[in-house]
Structure formats: structure tokens, C-alpha cells
1. Based on the Cβ-Cβ distance of Ala156 and Lys11, what FRET efficiency does E = 1/(1 + (r/R0)^6) give at R0 = 22 Å, to the nearest 0.05?
2. Based on Cα coordinates alone, diagonalise the gyration tensor for segment 28-182, multiply each eigenvalue by 5, take square roots, and list the semi-axes in whole Å, largest first.
3. Taking DSSP loops as anything outside H, G, I, E and B, show the longest stretch in the chain free of trypsin sites (Lys or Arg not before Pro) there with at most 14 other beta carbons within 10 Å.
4. Which of the three applies to segment 85-167, rounded, prolate or oblate, going by the alpha-carbon gyration tensor with a ≥ b ≥ c and a/c under 1.5 meaning rounded?
5. Pull out the extension gain between Glu144 and Asn53, defined as 0.36 nm times the separation in residues minus the alpha carbon to alpha carbon distance; nm, one decimal.
6. When the gyration tensor of segment 139-182 is built from Cα positions, what are the square roots of 5 times its three eigenvalues, in whole Å, from largest to smallest?
7. On a 22 Å Cα-Cα criterion, which of the cross-link pairs Lys50/Lys164; Lys14/Lys83; Lys13/Lys46; Lys57/Lys83 come out too long?
8. Calculate the FRET efficiency for Thr62 and Glu168 from the Cβ-Cβ distance with a Förster distance of 22 Å, rounded to the nearest 0.05.
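The values are calculated or read from the model by the stated rules, or taken from the named source; none is laboratory data. In this text, all values refer to a predicted model and were calculated from it rather than measured experimentally. Positions of Cβ are generated from backbone atoms using ideal geometry, with glycine treated the same way; all protein chains shown enter the neighbour counts. Accessible surface is based on the protein model in full, side chains and every heavy atom, while ligands, DNA and RNA are left aside. Shrake-Rupley method; radii C 1.70, N 1.55, O 1.52, S 1.80 Å.
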Amino acid sequence: MCGIVGYIGNKEKKEILLDGLQELEYRGYDSAGIAIIEDKKLHHFKAIGKLQNLREKTKDYTSNGFGISIGHTRWATHGKPTKLNAHPHFGAYSYVVHNGIIENYQELKKELQSDGVTFLSQTDTEVIVHQFEKNLKTAKNSFEAFEKTVDELEGAYAILLVTKEERESIFFAKNGSPMLVG
């Protein structure tokens, strides 16, 4: 089962995410990833297999100062356990992690593809970030775009989304999947 963790603040974000994901290891997973936005820069790392593989991949990276961050351990439901299918998924300037199933992802994906969006993964999750960025083009702000995106989703989910457009917030929503905010 997937696990998601988010953090906003000045502490070393990579370690907080990795430690949080480690607490969720008992749930089982096939890949893991993190995304961090700090100083208008987007950073993301993904690895197949155990969390130790992600720790190894990020050993030379340190986050400094204020930033927002999300992490994910994935248990494949849509698409094989590959680096491309690992979360977080990204758009042009946003990242998303998700636990659950988006039942109408194929409809949303077809609409987005007809608008010229290219998908990299086989997952249902990737539609969330692209739908958010599409909605942001016509919304008054990032929160409104996220609200509209969540309204368009069908299924059970827990979602964390970060965007360069709102570098002090993590957007989150849940429907039928557990989520703890602290």
C-alpha cells in the first residue's frame, strides 16, 4: 500500500521525508520518491525497490532553508514498478503524490492528451498534476485550481501536491483514503 509524507519548513527536508517514509515501510512498496521545492528550484528523486535505494540516490543532496516537500512509497496498481511509474509525478512546475485509485483517469487522460499533454507514466496519478496545471491556466489562484481538480476526480484517494506557483503551501485532499495532518 502507498504511503505519503509532506513537510513545510526550514529543517533538512530530505531527511524528514525519508524518515517519514521509513515509518510507513511496514505497508509494503515497490518504489519510492521525493520532491522538494526551495528557492524557486524543483528537485526530485525516484528509486525502484527499497527505501535504502532512494537514500543512496540522494546521499549527496542536502536541502537548505525554507521549502516544501512531498514523498511517496508506491505499491503498483496502474503500471509496472518502474522508475517512470514511481511517484512523485510532475508537470511543468508542480509535483504530486497519491494513494488510492482515480477511477476516471482514462477519461481525464484522453482529454489532456487531446490538449497536447504528453504522459511519461502508466499511472492514474499523473493525470492529477496535469489536470491541476490545466486548471491553473483559468483559475484565479492555485487553491482554486486544486479545488477544481479534486472536484473532477472520481475514486478513493489521498493527495499531496506542491507547485512553484505557491512555494509556501502543500495542497492536500482525501476521499475514502486515510490521511493524517499534523
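1. Working: r = 32 Å, r/R0 = 1.43.
Taking R0 as 22 Å, the efficiency between Ala156 and Lys11 is 0.10.
2. Working: eigenvalues 102, 74, 43 Å².
Over the Cα atoms of segment 28-182, the ellipsoid semi-axes are 23, 19, 15 Å.
3. Numbers: sites that count: Lys11, Lys40, Lys59, Lys83, Lys137, Lys140.
Here the longest segment lacking exposed loop sites spans 84-136.
4. Numbers: a/c = 1.30, a/b = 1.22, b/c = 1.07.
Judged from the Cα gyration tensor, segment 85-167 comes out rounded (a/c under 1.5).
5. Numbers: separation 91, 0.36 × 91 = 32.76 nm, distance 3.67 nm.
Full-extension gain reported as 29.1 nm.
6. Working: eigenvalues 71, 41, 8 Å².
Whole-Å semi-axes of the equivalent ellipsoid: 19, 14, 6.
7. On the way: Lys50/Lys164 29 Å; Lys14/Lys83 19 Å; Lys13/Lys46 15 Å; Lys57/Lys83 12 Å.
Beyond 22 Å between Cα atoms: Lys50/Lys164.
8. Details: r = 21 Å, r/R0 = 0.94.
Approximately 0.60, to the nearest 0.05.
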